[in-house]
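Undergrad: Below is one structure. I have some questions about it.
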Amino acid sequence: MLPATEVEEELELDTLPGVGPATKAKLKDAGIETILDLATSGPMDIAEAVDIDVSKAVELNNKARKKLVELNRLEPDFINAADLLAKRKAIDRISTGSKNLDELLGGGIETWAMTEFFGEFGSGKSQICHTLCVMAQQPREEGGLDASSVYVDTEGTFRPERIQEIAEARGMDAEKALSRITVARAYNSAHQELIVKDLGHIIEPNKVKLVILDSAVAHYRAEFLGRGTLAERQQRLNRFMHQLLRTAEIYNIAVVVTNQVQAAPDSFFGDPTRPVGGHVVAHTSTYRLYLRKAAKNRIARMVDSPYHPERDTVFILNDRGVDDPSEEPTRKK
Ligand code: GTP
Ligand code: MG
């Protein structure tokens, strides 16, 4: 991976009206180095960094967004529907490796959006993440974007050996595949937040089109135990998820988050699962897929989507990572 490059001149913080050397220095100290960083940061984070009122921080954040609109890097707040349709043509897709799963998603996971995979342990969430990192590198004809990925690993379950295996099974150069994935091991929720704040510095210079958070919620769940801390947990998680969504929109990248849920045997009707810390994640995600095990197969269902069918689709896990049941498990290209 390449190191982060110098800040582009048009993205320098002090090109914004009202940002002088002192404010710029404080923002930089907090890791907010460019106008892109400022636009993706929440007002609370900006207020803390510069030690100003939240209302002033909102102003600063708005100025950054306005500048990005001028630079044609962000769509304006009010936009003609026809222009919006044209803009949405810039949305790209990354194949999951399974035709069935891609079909359920309308062609793969989308950039400019956040996709959540939730399900119980072993349902295939991390396997999907590994496969996506490989698929993102494929040329467009093969369902990829010829792009690099960032894998934020909060549970220590990222396995380079698995990347190697999936790449080889798909006829790719395993060394090259590994070199195009940046892994960040997040040790606690604060660390995870810091990593996401710093994402811009990796995304821009490295042609990153996919950012994975596996899992988005595990640290919050572990650190905030008990009823008393629930509100604080939801607030922190909310802030975090919104920062991720802004990152997806500003850089036009695909963000994928995983969320472990436990099957709740006492609820026969309605949602059979209890999303852990889940409603915040659910409300921020653009698309949500519920995964479950069925013998050797895995079943996925798109939930809460107004324009995707409410139906189950089957995929499997093999040496190619995520695959379709009809394919031979050892098929090589
Ligand atoms: P948690 O993180 O515990 O919530 O689970 P998860 O949903 O992330 O599960 P994960 O994606 O790790 O799936 C684990 C399952 O993937 C295992 O039970 C295996 O069935 C399958 N699996 C993992 N590695 C391989 C592999 O190398 N080959 C094959 N065929 N299957 C694998
Ligand atoms: Mg996992």
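Undergrad: Can you list the residues, at least 5 places off or on another chain, whose amide H is less than 5 Å from the amide H of N297, using H built in the peptide plane?
TA: Those lying under 5 Å, H to H, from N297: there are none.
Undergrad: Also, I was wondering about something else. Please name whichever of A218, S148, A86 sits farthest to the positive end of the charge dipole of the chain, dipole taken about the Cα centre and charges placed at Cβ: Lys and Arg +1, Asp and Glu -1.
TA: It is A218.
Undergrad: Additional query: How large is the charge dipole for the chain, taken about the Cα centre, if only the Cβ atoms of Lys, Arg (+1) and Asp, Glu (-1) carry charge, to the nearest 20 debye? Walk me through the numbers before you get to the answer.
TA: Values: 43 positive and 51 negative charges, 147 e Å.
In total the dipole reaches around 700 debye.
Undergrad: How far, in nm, would the chain grow between K176 and A30 when pulled straight, counting 0.36 nm per residue and subtracting the alpha carbon separation?
TA: Between K176 and A30, full extension yields an extra 49.2 nm.
Undergrad: Under the Kirkwood approximation applied to all pairs of distinct alpha-carbon atoms, what is the hydrodynamic radius of the range 4-70 in Å?
TA: Numbers: mean 1/r = 0.0865 Å⁻¹.
Taking every pair of different Cα atoms in the range 4-70, averaging 1/r and inverting gives 11.6 Å.
Undergrad: Moving on. Is the C-alpha gyration tensor of the range 28-125 telling us rounded, prolate or oblate? Criteria: a/c under 1.5 is rounded; beyond that, a/b larger than b/c is prolate, otherwise oblate.
TA: oblate
Undergrad: Another one. Choose one answer from T96, T313, T15: the residue with the largest mean-square fluctuation in a GNM of the chain with alpha-carbon springs under 10 Å.
TA: T15
Undergrad: Further question: Counting heavy atoms of the protein chains only and a 1.4 Å probe, report the per residue accessible area for the range 91-330 as a whole number of Å².
TA: On the way: 9940 Å² over 240 residues.
Dividing the accessible area of the range 91-330 by its residue count gives 41 Å².
Undergrad: Assigning unit charges at the beta carbon (Lys, Arg +1; Asp, Glu -1) and nothing else, what dipole magnitude in debye, to the nearest 20, does the range 63-153 show about its Cα centre?
TA: 460 debye
Undergrad: Ignoring ligands, DNA and RNA, what percent of the accessible area of the chain is carbon or sulfur (1.4 Å)?
TA: It is 53 percent, rounded to a whole number.
Undergrad: Looking at the chain as a GNM with Cα springs under 10 Å, which of Q235, Q164, Q260 has the largest mean-square fluctuation?
TA: Looking only at Q235, Q164, Q260, the largest GNM fluctuation is found for Q235.
Undergrad: How long are the semi-axes of the equivalent ellipsoid of the range 91-330, taking √(5λ) for every eigenvalue λ of the Cα gyration tensor, in whole Å from largest down?
TA: After diagonalising the Cα gyration tensor, the semi-axes are 26, 22, 16 Å.
Undergrad: Which three extents, in whole angstrom, do the alpha-carbon atoms of the range 157-216 cover along their principal axes, largest first?
TA: Over the range 157-216, Cα extents along the principal axes are 38, 26, 14 Å.
The values are calculated or read from the model by the stated rules, or taken from the named source; none is laboratory data. Please read these numbers as outputs of a predicted model, since none were measured by experiment. Backbone-built Cβ (ideal geometry, glycine too); neighbour counts: all protein chains shown. Side chains are part of the model used for accessible areas, which takes the heavy atoms of the whole protein and leaves out ligands, DNA and RNA. Shrake-Rupley method; radii C 1.70, N 1.55, O 1.52, S 1.80 Å.
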